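K.L.:
Before I ask anything, let me first share the structure, which is written out below as structure tokens.
The values are calculated or read from the model by the stated rules, or taken from the named source; none is laboratory data. Predicted model only: the values in this text are computed from it and were never measured. Reconstructed Cβ throughout: ideal geometry from the backbone, glycine too, with neighbour counts over all protein chains shown.
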Amino acid sequence: MATDHVDCTEVLPAQHAELLAQKLLDGQLVLFVGAGLSHLAKARDGSGKRMPLWQELMERVASACHEDAEGFDSNPLDLFDAVAYGQDRFTLEEALRQHLDDHPFALSSAHLALAKLPWAAVFTTNYDLLLQRLLNDRPVFEERDYERMSLPAAQRPRLFQIHGTLHRPHTLTREDYRLWPARIRWIDCYIETESPAWYLPAPAVLLCHKLRLKCWNGLRICCLEKKRIPCSGFSMSWRNGRDHCHCP
């Protein structure tokens, strides 16, 4: 899925990979992806442009909102707070929509490869529409959308954008993140009824801001508390240079 070959055994122990593979075949494995997947999408015009990761997005939003990115010590939440409360929320959201517009980008080979697998669902912290295009699915991103889970199995949504969409990016500021657990209580219902296993893949699919990582940990804790799911029901892995981490 990435340009460089990655030996998956270096990231996940074989026994754990086998467990996840069986969960996948059983229709019980949820994929959790972040900005790294969108970053793999290539510009249609051949320019080599990519969807931005957090640092670049921060710089672009700062420029669009006439803020000095260096003054926020590489902390996007400080910048987003400054724009949302020093200017207004609409200005922040418009800047986000401008710089996360995925229409000029084509789905990557990683997207296409992931789409061939029988995931029970796909959860993402991304705001863009790439996964909507890939899965041809209208996402669940707030509580009222979860009512569609009562539809017949073939009609249920499989895509969950837990921080919102470009049209409604409901989780952006520090206050948004504080209120996030209450905003996504519908995930409790999903965990109660579906009891899935969760997988964050590596290396290039997930490049995770620390607060996004907190959201993953929040989901993990919620699952453990709700269903007493064993830790083997989870996997988290990524690579940064020579370092890698996996959380079985």
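K.L.:
Going by what's in this entry, would Arg44 be described as touching a strand residue (DSSP E or B) at 6+ places or on another chain (Cβ under 9 Å) and not polar (S, T, N, Q)?
P.N.:
It is true that Arg44 is touching a strand residue (DSSP E or B) at 6+ places or on another chain (Cβ under 9 Å) and not polar (S, T, N, Q).
K.L.:
Exactly one of (1) surrounded by fewer than 14 Cβ atoms within 10 Å (Cβ to Cβ); (2) of a type in the set (D, E, K, R); (3) touching a helix residue (DSSP H, G or I) at 6+ places or on another chain (Cβ under 7 Å) is unmet by Lys116. Its number?
P.N.:
(3)
K.L.:
Kindly evaluate Ala41 against the criterion of being touching a Cys at 6+ places or on another chain (Cβ under 8 Å), buried (at least 20 other Cβ atoms within 10 Å of the Cβ) and closer than 28 Å to Arg156 by Cβ.
P.N.:
So Ala41 fails the test.
K.L.:
Let me ask something additional. Among the candidates Gln161, Gln155, Gln87, which residue alone is assigned by TED's automatic domain parsing to the domain that holds Gly36, at pLDDT 90 or above and either of a type in the set (S, T, N, Q) or closer than 18 Å to Leu31 by Cα (or both)?
P.N.:
Only one candidate qualifies: Gln161.
K.L.:
Report, by residue number, each residue of segment 60-78 that is more than 18 Å from Leu166 (Cα to Cα) and either part of a helix (DSSP H, G or I) or of a type in the set (Ser, Thr, Tyr) (or both).
P.N.:
Correct list: Ser63, Ala69, Glu70, Gly71, Phe72, Ser74, Asp78.
K.L.:
Let me ask something additional. Please identify the pairs in which a residue from segment 178-191 that is in the same structural domain as Ala153 (by TED's automatic domain parsing) has its Cβ atom under 6 Å from the Cβ atom of a residue that is outside any helix (DSSP H, G or I), counting only partners at least 6 apart or on another chain.
P.N.:
What qualifies is Trp180/Thr171; Ile184/Ile162.
K.L.:
What's the total number of residues in segment 168-184 that are assigned to a loop (DSSP other than H, G, I, E, B) and under 16 Å from the mean Cα position of the chain (by Cα)?
P.N.:
The number of residues fulfilling the criteria is 6.
K.L.:
Still on this structure, I have one more. Name the single residue that is surrounded by the most Cβ atoms within 10 Å (Cβ to Cβ) among those in segment 82-113 being in contact with a Phe, Trp or Tyr (Cβ under 8 Å, 6 or more places away or on another chain) and closer than 29 Å to Arg148 by Cβ.
P.N.:
My answer is Leu92.
K.L.:
Right, another one. Could you tell me which of the residues Arg60, Arg97 is among the basic types (Lys, Arg) and in contact (Cβ under 8 Å) with a residue 60 or more places away in the chain?
P.N.:
Answer to the selection: Arg97.
K.L.:
Moving to a separate point now. Report, by residue number, each residue of segment 96-120 that is among the aliphatic types (A, V, I, L, M) and part of a loop (DSSP other than H, G, I, E, B).
P.N.:
Leu100, Leu107, Leu117, Ala120
K.L.:
Is it the case that Leu79 is within 22 Å of Arg178 (Cα to Cα) and either touching a strand residue (DSSP E or B) at 6+ places or on another chain (Cβ under 7 Å) or surrounded by 13 or more Cβ atoms within 10 Å (Cβ to Cβ) (or both)?
P.N.:
Against the criterion (within 22 Å of Arg178 (Cα to Cα) and either touching a strand residue (DSSP E or B) at 6+ places or on another chain (Cβ under 7 Å) or surrounded by 13 or more Cβ atoms within 10 Å (Cβ to Cβ) (or both)), Leu79 qualifies.
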